[in-house]
Amino acid sequence: GAIGYSSQHVLYAAERDRWGKIAYASSLAETILLKITAVHEGAGTRKKGGVTIGNICEGKKDIDAQIDAPRLVELALETIVPKLRKFGGEFIWRVEEFIIRDAAWVDLSDHPRSVPYFYDQCLQPSRKGTKSTFKFNGTNMKIGWNFVPKWYAFWMLSCLITNTNHDFAVQEAEATRTSCTQSSEHATAHTTAHKAVSCNVPSSATTSLAENELFLPSVTTGDNSTTVSTKRTHQRAESSSGLSGASSPPRKKNVPPAALCSPDRDRLKEVLKIGGSANLNVKKVFGLQNENVQFHHIPTCAITDLLRNAQYHSFLVDTAESSIGQLTIDTSTEGFIGIGGFKTAHAGWLTLTASPRTGLGSVPHHKVVVKRPFYKVFPTAVKAGHYKVGRYALADELPKLFREANVLYWSKSLLQLTYDFIDRSIASSPEPPPFVVPRVRFVEAGLALCYSQGGSKSGAKTGSMRAAFLLEELIEGGDDTFLKFIHNMDANPLLDELDYGYDMAEFFAFTQHVQYVKTGQLAFISDYQGTTVLLTDPQIMTDLSVSNGSDIFGDGNIEASVSNFETQHACNEYCEWPGFGLKAFVKEVNDENDENDENDKEVNDDE
């Protein structure tokens, strides 16, 4: 390799000095708290504390109590200059003319080096009066002038700004003066900076700020000397120097409003006609149904927690974990979303009293899909043709909705198990997969229980439950984007290879393979449907050994699908990637059959 020092060694001396100081420095046993504020003088009257610029006020804690004046100047400039630069935009400042002062208006640049500036003020006489000690325990002392000194920290600045459009503008902000108290293991101290005529900050403070150097505009007087005015006097733009290309900070002068233009007559005529003939959609208003609900969110539970804790074995309707709110259901024709084989869906809006950070109800008037089970009522004994929607009694309706919620609860857990397997396999594989793994999730959902508020004609007792709804996150796009990828009667894609969404259907078939293997051939998700991002209305399939003849996970649980999975499932590129290490099922058999079919075809051709 190359001999000698490279470009990486440029900072060696500075780094060696920095780490050397850290290595030999003892931990700070005596620290103070600094509050640094940017201000300017004036605002029409002389205020000793100055007027804050842009509410710039910064605190610094754990400052060595032995800090001297030059270091205080440097620290104040390092803290405030970037804030001023951001506040002023393209305005040009002069940092070398800033001055740091304390509350007593003492210029810190006049104090010598290596002499602690605030340390003497932190010392307090002991009870015996023989010596002074540095006190920290604020709980044992009263806060006042007689016991603990009060200090103020102000970083003060006065600037005169001119430009060609306005004679004079000065940026002002609300003045703030804060007294700091002494707390546990901290004393307080404050520093100020003030811009004045013929006063300069020590060079040690400005050289460390070369990157953030700012300039304050100067004014040339008759004797060619440069001064900066601290008074609010009018100055013509022609008398300012050093301001070419510089823009002033935001000013408070009102801008005259633009001339009012008359509206387009033809457009106004058209809108007047439409607006004047508008009528209230009475059917839509009457179709809005408002319910006070107790909302039970369906969480996503990790499979390990689901197995370990009995309370997570199924979806739980727990009043302590519920939220109170209001549900609005649009039962009108316009609010009707669709009807399936077992449930109707209407548009709705959910507003919870205490909004969660995520999920349904996280925003006021949250759009939801309101689902409710139904049965078909045919006009004749022949169950065919048109039918009416019949509703179950509450005692029958609630268990059906709970089962739907429980299926979604388990589906979320199994899908998370699948993605955990995928992520761990890819992370441990030496080569990335040749495909992009789709990221999907099931809709946010919950069970809404409605209670009677009294005054109903049915005579229901106030506070008694009267209805229940399954609320789901709205899938945007409607029927144009909604697809059914896999049916619960088959373990392969429902779509054809050339259909939109077939690649997603293959991925969902792969997730069934993963779930089948990771659950020990006991369960997987089916009835994948929704969009390429959001899924809804899943079904859990379980093996015959799980149910033992009992009805679990609803009527859609076709147990034979699990028993026949290995003979029905056709592995695809996801299943065959070596990084997943999945055992191939029917794919190999199909390949042999394809070869036999090809051989038979060749023989027939020869004949």
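General remarks:
- Sole exception among (1) under 25 Å from Leu350 (Cα atoms); (2) open to solvent by 50 Å² or more (accessible area, probe 1.4 Å); (3) touching a residue at least 24 places away in the same chain (Cβ under 8 Å) for Pro434, by number: (1)
- Test: residue in the stretch 301-311 that is within 30 Å of Thr418 (Cα to Cα), in contact with a strand residue (DSSP E or B) (Cβ under 9 Å, 6 or more places away or on another chain) and either of a type outside the set (A, V, I, L, M, F, W, C) or at pLDDT 90 or above (or both): no
- Residue count, the stretch 317-339 (criterion: surrounded by 15 or more Cβ atoms within 10 Å (Cβ to Cβ) and either out of contact with any strand residue (DSSP E or B) (no Cβ under 6 Å at 6 or more places or on another chain) or free of Cβ contacts under 8 Å to residues at least 12 places away in the same chain (or both)): 1
- Applying the set (1) open to solvent by 20 Å² or more (accessible area, probe 1.4 Å); (2) at pLDDT 95 or above to Phe508 leaves exactly one unmet item: (1).
- Ile36 being at pLDDT 80 or above, touching a Lys or Arg at 6+ places or on another chain (Cβ under 8 Å) and crowded, with 19+ Cβ neighbours inside 10 Å: yes
- Meets criteria (under 33 Å from the mean Cα position of the chain (by Cα), assigned to a strand (DSSP E or B) and under 19 Å from Leu471 (Cα atoms)) for Lys371: yes
- Selection count where residues are of a type in the set (A, V, I, L, M) and open to solvent by 70 Å² or more (accessible area, probe 1.4 Å), scope the stretch 289-314: 2
- Among residues of the stretch 534-567, those that are among the aliphatic types (A, V, I, L, M) and assigned to a helix (DSSP H, G or I), counted: 4
- Condition met for Phe553 (closer than 30 Å to Ser429 by Cβ and aromatic (Phe, Trp, Tyr)): no
- Lone unmet requirement of (1) over 30 Å from Val370 (Cβ atoms); (2) without any contact (Cβ under 8 Å) to a residue 24 or more places away in the chain for Glu506: (2)
- Residue count, the stretch 463-500 (criterion: in a loop (DSSP other than H, G, I, E, B), in contact (Cβ under 8 Å) with a residue 12 or more places away in the chain and out of contact with any Leu (no Cβ under 8 Å at 6 or more places or on another chain)): 12
- Enumeration of residues in the stretch 348-368 that are in contact (Cβ under 8 Å) with a residue 24 or more places away in the chain, in a loop (DSSP other than H, G, I, E, B) and open to solvent by less than 60 Å² (accessible area, probe 1.4 Å): Pro356, Gly359, Leu360, Gly361
- Condition check for Ala584: in contact with a Cys (Cβ under 6 Å, 6 or more places away or on another chain) and either open to solvent by 40 Å² or more (accessible area, probe 1.4 Å) or not polar (S, T, N, Q) (or both): yes
- Cβ pairs under 8 Å, 6+ apart, first in the stretch 261-286 and closer than 24 Å to Ile329 by Cα, second open to solvent by 100 Å² or more (accessible area, probe 1.4 Å) and not acidic (Asp, Glu): Lys283/Thr333
Each row is one residue, and each column tells you yes or no for (1) aliphatic (A, V, I, L, M); (2) surrounded by 24 or more Cβ atoms within 10 Å (Cβ to Cβ); (3) within 25 Å of Asp480 (Cα to Cα).
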| site | (1), (2), (3) |
| --- | --- |
| Val514 | yes, no, no |
| Lys518 | no, no, no |
| Leu522 | yes, no, no |
| Gln529 | no, no, yes |
| Asp537 | no, no, yes |
| Asp543 | no, no, no |
| Asn548 | no, no, no |
| Ile552 | yes, no, no |
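- Those residues of the stretch 94-107 which are closer than 15 Å to Val39 by Cβ and touching a helix residue (DSSP H, G or I) at 6+ places or on another chain (Cβ under 6 Å), in sequence order: Ile100
- Leu474 vs. criteria open to solvent by less than 70 Å² (accessible area, probe 1.4 Å) and either modelled with pLDDT under 95 or more than 21 Å from Leu414 (Cβ to Cβ) (or both): yes
- Residue list for the stretch 373-403, filter: touching a residue at least 24 places away in the same chain (Cβ under 8 Å) and open to solvent by 60 Å² or more (accessible area, probe 1.4 Å): Val389, Lys400, Phe402, Arg403
- Scope the stretch 554-576; condition within 17 Å of Ala505 (Cα to Cα) and open to solvent by 30 Å² or more (accessible area, probe 1.4 Å); matching residues: Gln568, Ala570, Glu573, Glu576
- Subset tally (residues that are exposed (fewer than 10 other Cβ atoms within 10 Å of the Cβ) and in a helix (DSSP H, G or I)) for the stretch 253-268: 3
- Of all residues assigned to the stretch 71-85, none qualifies as being modelled with pLDDT under 80, closer than 22 Å to Leu34 by Cβ and crowded, with 17+ Cβ neighbours inside 10 Å.
- Test: residue in the stretch 552-559 that is at pLDDT 80 or above, among the aliphatic types (A, V, I, L, M) and either closer than 30 Å to Pro399 by Cβ or in contact with a Phe, Trp or Tyr (Cβ under 7 Å, 6 or more places away or on another chain) (or both): yes
- Note on the stretch 294-347: among residues that are among the hydroxyl-bearing types (Ser, Thr, Tyr) and in a loop (DSSP other than H, G, I, E, B), the one that is nearest to Asp479 (Cα to Cα) is Thr333.
The values are calculated or read from the model by the stated rules, or taken from the named source; none is laboratory data. Everything quoted here is computed from the prediction, not taken from an experiment. Every residue, glycine among them, receives a Cβ derived from its backbone with ideal geometry; neighbour counts consider all protein chains shown. Calculation scope for accessible area: heavy atoms of the full protein, side chains included, ligands and nucleic acids excluded. Shrake-Rupley method; radii C 1.70, N 1.55, O 1.52, S 1.80 Å.
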